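**Q** First, the structure itself, so that you have it in front of you.
Read the figures in this text as sums done on the coordinates, not as results from a lab. Here the structure is a predicted model, which is why all the values come from computation and not from measurement. Cβ coordinates were reconstructed from backbone atoms using ideal geometry, including for glycine residues, and neighbour counts include every protein chain displayed.
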Amino acid sequence: MPHKEQPDFQDLLARGQEGDRRAIGRMISRVEASGVADHVMMQQLWAHIGRARVVGITGPPGAGKSTMTDRMVKYWRKKDYRVGVIAVDPSSPFTGGAILGDRVRMNDLALDTGVYIRSMSTRGQLGGLSLACSGAVSVLDACGYDPILIETVGVGQSEVAVMNVADLVLVVSVPGLGDDIQAIKAGILEIGDVFAVNKADLPGADRTARELHIMLSMNPELSADLPPILMLSAEQNKGVEELCESVEERFSLMQNSQELIMRRNRRLEKELMAYIQNRLYKQVLSPALANDSFESNVEAFRTNKRNPYTWAENILKQIQIEGSTP
Ligand SMILES: Nc1nc2c(ncn2[C@@H]2O[C@H](COP(=O)(O)OP(=O)(O)OP(=O)(O)O)[C@@H](O)[C@H]2O)c(=O)[nH]1
Ligand SMILES: [Mg+2]
């Protein structure tokens with residue numbers, strides 16, 4: 001069945017591919033607003049995506065992720081790539097100033113038409129932050145942006161989950177984190193493909209890099225192929241080139257070994273499963289639960305007037321009946 005938004009979308013896409021930021025912004029907003037990814041749009045995007053290299057950048061608050069992102073964007077701009085940036089702003093009050101900081105820092109980038117920067121909030125993403133982020137990546141990919149950098153603080157679960165959207169994850173550490181490397185969540189260490197010790201202009205960077213090396217060596221799954229650890233000072237623009245080259249090299253390796261394809265397949269499967277679950281919940285399960293909710297039965301369960309497992313079976317029965325109706 002033709003969708004009424006179809007011609008509108010083709011027009012937006014064509015304009016987005018020319019670098020029209022308003023058109024790109026509108027497409028991303030549509031992905032974000034729909035809660036579950038806008039399936040008509042995702043269907044139309046599918047034929048246009050798969051070229052962009054998606055780099056996730058994560059690390060503790062204040063590690064210099066935005067400063068690094070800014071430098072890395074400039075490196076790829078010099079090579080004439082059109083670069084996309086998705087900055088996932090942490091909603092925590094402690095880092096609430098990040099958006100403004102990012103804006104100020106990336107001001108000169110904002111004037112460059114070869115760069116598209118989008119802030120995305122952890123709040124208000126009905127279908128989940130990862131889904132919204134993945135939709136935004138697809139839009140940018142379809143519009144010809146490559147690489148696409150996603151910056152997020154490695155604190156909350158949803159922020160870390162965003163890294164699933166990336167092909168490659170860059171984990172940023174800095175000297176003097178108190179408990180040093182321990183301050184980086186173990187979960188983040190495991191997802192890193194390239195490690196950066198930023199603020200190498202400050203004392204203690206060597207030690208941080210050494211500790212990182214030891215921690216990574218202890219992981220038996222990695223011991224044969226330790227991810228690279230690079231030191232840099234984003235602020236002084238030292239070591240940024242080497243870092244970007246290392247990221248590019250990693251991408252070539254992943255391309256040659258089919259690792260990239262495997263990761264993308266896994267990601268697609270996860271995304272589609274999340275999408276199906278969302279739709280199932282929204283269209284099938286929530287109407288059934290609205291008629292006969294858990295809450296409305298709590299008292300009956302407690303007083304043995306109704307059995308909770310019978311209730312659950314009853315919900316399932318309703319779904320089957322409703323689900324099989326054409
Ligand atoms: N000394 C030093 N300071 C740096 C370096 N890179 C960034 N900074 C400073 O560290 C502070 C935080 O930098 P950001 O780039 O905002 O860090 P962030 O990781 O994006 O921060 P959040 O998004 O709030 O988590 C700023 O004051 C930067 O100027 C560096 O290489 N050396
Ligand atoms: Mg930042």
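**Q** Per the Kirkwood treatment, what hydrodynamic radius in Å, one decimal, follows for the stretch 21-80 from the mean inverse distance over all distinct Cα pairs?
**A** Result for the stretch 21-80 stands at 14.4 Å.
**Q** Which far-off residues, 5 or more places away or on another chain, put their amide H under 5 Å from the one on Ile150, with H placed in the peptide plane?
**A** The list, which skips near neighbours in sequence, is Val55, Gly56, Ile57, Ile86.
**Q** Also, I was wondering about something else. Can you put Asp292, Asp80, Asp89 in order of Cβ neighbours within 10 angstrom, beginning with the fewest?
**A** Asp80, Asp292, Asp89
**Q** Moving on to the next point. Give me, ordered by chain and number, the residues 5 or more places off Met231 or on other chains with an amide H under 5 Å from its own placed amide H.
**A** Close amide H contacts, sequence-distant or interchain: Val197.
**Q** With viscosity set to 1.306 mPa s at 10 °C, what whole-number translational diffusion coefficient in µm²/s follows for the stretch 230-326 from Stokes-Einstein and a Kirkwood radius over Cα pairs?
**A** 86
**Q** Taking the beta-carbon count within 10 Å as an exposure proxy, list Phe294, Phe301, Phe9, Phe195 from fewest neighbours to most.
**A** Phe294, Phe301, Phe9, Phe195
**Q** Sort Cys143, Cys244 so the one with the fewest other Cβ atoms within 10 Å of its own Cβ comes first.
**A** Least crowded to most crowded, the residues run Cys244, Cys143.
**Q** For the stretch 131-257, which semi-axes, largest first and in whole Å, follow from the square roots of 5 times the eigenvalues of its Cα gyration tensor?
**A** Equivalent ellipsoid of the stretch 131-257: 24, 17, 16 Å, largest first.
**Q** How large are Rg and Dmax for the stretch 271-324 when calculated on the C-alpha trace, in angstrom?
**A** Cα only, the stretch 271-324: 12.9, 41 Å (Rg, Dmax).
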